[in-house]
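Comments concern the structure below.
Here, each number is a calculation from the coordinates, and none is a lab measurement. What you see is a predicted model; the values in this text were computed from it and never measured. For neighbour counting, all protein chains shown are included, and Cβ atoms are generated from backbone atoms with ideal geometry for every residue, glycine included.
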Ligand SMILES: Cc1ncc(C[n+]2csc(CCOP(=O)(O)OP(=O)(O)O)c2C)c(N)n1
Ligand code: SF4
């Protein structure tokens, strides 16, 4: 017996799988997460993978969470240690009272264990070797065998896993039956030789509801399909490649002319990011909805073109799946670190629209909306995801589409409008909203053509470097950006139960951890109003929120508190009132981290709202 | 540079083409390039070619990078949309534009600095993708707009205006275009309108990536002794493999040419190129032959001009991607959006 009481918990624990890259463990691990979902219990899984291809360590973590907390929790209750290379670190990471599951085929010296955890050995290699002769089969089925053992240890319903295997290998009977066989090999061995179940258990529940389980990148790609993107140009980069790959897959399914079989889309893998954004700009200039997906280094390369998009007013959609920078940084780790780089991308005075979805459902909605916004505002729209949402499955509300919705193609002057004699000045602010009309190439034989350029020009698109003409144009661009404030998704505010002078601002993938942290902070006696920012430019309610609170914490996943900088810069407020709460080690921010950082600061301020309320 | 629009006045007696357009309809603004710049002659040839082809001016999209050469789209086809993009990146912008609407004619204009240096990659990739375009490089061997630095097409051993000798090897864009699979490859000289006009016309008619390298002397910085891109040098070293005529919508008049030296090339759209061969052995359908021919003459210091290679049955990027005939920029939600019922099914598959 370990010298610490084993953790006992139903539907609320963290399992981490430590594997070797290339061992085929990914699908078994994902099946584990899905199986728990099928029990009606929410899960929040995360891939933790260093930037390497084969042979090096990877981890997959599953947070089992009856309460539906989808942020990372931190700590590990059950470690499935399948990688000898990382053994020491893996064992050290287990919470006191936690469990260690390992392949006991080769005996381990007792020094390799800990006294305060429960060690569970299953001779996985021995079982596989006695059943399979083919080396590849041995490797793959070992994963299913440990899945079987875990199902017994955690009291899971094997039928639900069988069902999943059935769905995965539909029509491939041989694979189906051999996987089910391997599952039961592991399960039966555990039932016969170990004390099952352990303190951690999965019990059927009804907390999943109609929610779906999808990766942010896939949802964003689907948003591009629904949003009417017809041109996609991209260059591979982690963690954004799967956006383009998913877009390709979705298009293949849904975007072919039924009669001719021809594609209603064009996807080009560019030679680099310069070409990708160039293609997007060329296509958008010519009236198609186009996008690219990239990550930090790609954004750096695109900036010259982003400036052109801003100044020449050409729509573009860029999905930026952020990873830890600068430079190559930690390419497979998550951060929200390109806020400033994107908000002010390029040389000269520029400002760009950023959208911050919190989960795949919003990634879908915002991606579709990005095309309307790009055409309405005739500028670059950034969809700011990050690796944590982009490459991990998240539980979220089902995706929704209103069939009556038509695309907002913005202010496009047609042949008829030109024929009617409408005055066309490409950079003429006819409506006072800073947004001019454009024409597509080829519209009219004698009217409406103009020259697009990055050089200064007057309201009728005639080249001019006259100071007042240039300033007039730059001022109109400011007006246009102000117009954008009311077109982009508004911030969402949630107030504390009691009136409070303290607030917290957060955005994007930090959301679930923040939601959970609020509960932890309340338990510590701290009340905070919350504002989730969903876009830049900031809506006026951001300034109001700041005005209404003495201190506002800004929680984000980068070193320099970039969103805070942007808020200070754009609202001209006293930076002292905005307290940075930053987390930037490349792992997703946790509720524990936020609650501690804010709680400590509040304690330091001697904030005692609860005691006051009681007395 | 100032903005000067040409007066709208048309002489009533101006000749009209099949569509009723006059020359003036193919003109643009008044050029602000140096008087005598080779680029202006290319502008004139483009105007001439479009007039002769009876193209609807507004159905052309003219796209360029940055440089003196890249300014020229402002000086022709004033009724078509132009796009002066960023330095070296015309090809990607053109590719995107072409993907959005396959029904327009795409003219890409670039300089040798634009295409052989900063944009070398984009040049190469647009060619290898087979984008349906006419890609013209106005090649003067220097950076004109930034005042006379060597470009990557400057020959080794040639001298700058200040007397500096170029020690780097030159990039021959024609050789590269051939190697990359361009389906229409030509070289010409801005001072040889008789050769250049039909070449541009044939390139526009060609379906696929057409590339024309036009040697275009820079009066200001590269027209001195010691330059290999000066008017005098090119005239002395020019060796044309053929002269051609483009015949659209009428029967070829083969009798115009001496029998045995005329070769007719019929393109995808039915237009015909009549090649009057100067070099009797030259076969413009032989990519490998063209490559060696070019290399052999380059070694002798000769500049080979004419239509060097053509594949009349070329396919373009849209065919490679199997896209619908309807321009993508005209598709709306009804054509593109799979709808809520499909989304419900997708949702169901994600549980
Ligand atoms: C990113 C970038 N780098 C440098 C420049 C400066 N620049 C403008 S035109 C040019 C060279 C033009 O040379 P070429 O393409 O040969 O055209 P030419 O002027 O000779 O016709 C350069 C370097 C620029 N505009 N953008
Ligand atoms: S500098 Fe040279 S390339 Fe530029 S306009 Fe003058 S002559 Fe032409």
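Worth a mention:
- Other protein chain Cβ atoms within 10 Å, averaged over every residue that makes up A:255-263: 4
- Ranked by how many other beta carbons lie within 10 Å on average, peptides A:89-99, B:40-50 from highest: B:40-50, A:89-99
- The average projected area of region A:197-293, computed from the convex hull of its Cα atoms over all directions, is 10.0 nm².
- Rounded to the nearest angstrom and listed largest first, the equivalent-ellipsoid semi-axes of chain A from its Cα gyration tensor are 48, 31, 19.
- Our estimate of slack between residue B:56 and residue B:224, defined as 0.36 nm per intervening residue step minus the Cα-Cα distance, is 56.5 nm.
- The distance separating the Cα centre of region A:478-553 from that of region A:352-396 comes to 19 Å.
- Counting Cβ atoms of other protein chains within 10 Å of each residue's Cβ and taking the mean over peptide A:312-321 gives 1.
- The eigenvalues of the Cα gyration tensor, multiplied by 5 and square-rooted, give region A:360-473 an equivalent ellipsoid with semi-axes of 36, 19, 11 Å from largest to smallest.
- For region A:1-125, fraction of C-alpha pairs farther apart than 19 Å, in %: 49
- Solution diffusion estimate, µm²/s, Stokes-Einstein, region A:64-118, Kirkwood Rh from C-alpha pairs, 4 °C, viscosity 1.567 mPa s: 105
- Average beta-carbon neighbours from other chains, 10 Å sphere, peptide B:341-351: 6
- If R0 is 35 Å, the Cβ-Cβ spacing of residue A:205 and residue A:493 corresponds to a FRET efficiency of close to 0.70.
- Between helix A:25-38 and chain A: long-axis angle, C-alpha atoms, 0 to 90°, nearest 10: 90
- A protection proxy built from the mean count of other Cβ atoms within 10 Å ranks the segments B:62-69, B:156-163, most packed first, as B:62-69, B:156-163.
- Among A:434-442, B:338-346, A:503-511, the order from most to least packed when residues are scored by Cβ within 10 Å on average: A:503-511, A:434-442, B:338-346
- Part-to-part distance (alpha-carbon centres) for region A:144-179 and region B:209-252, which is given in Å: 71
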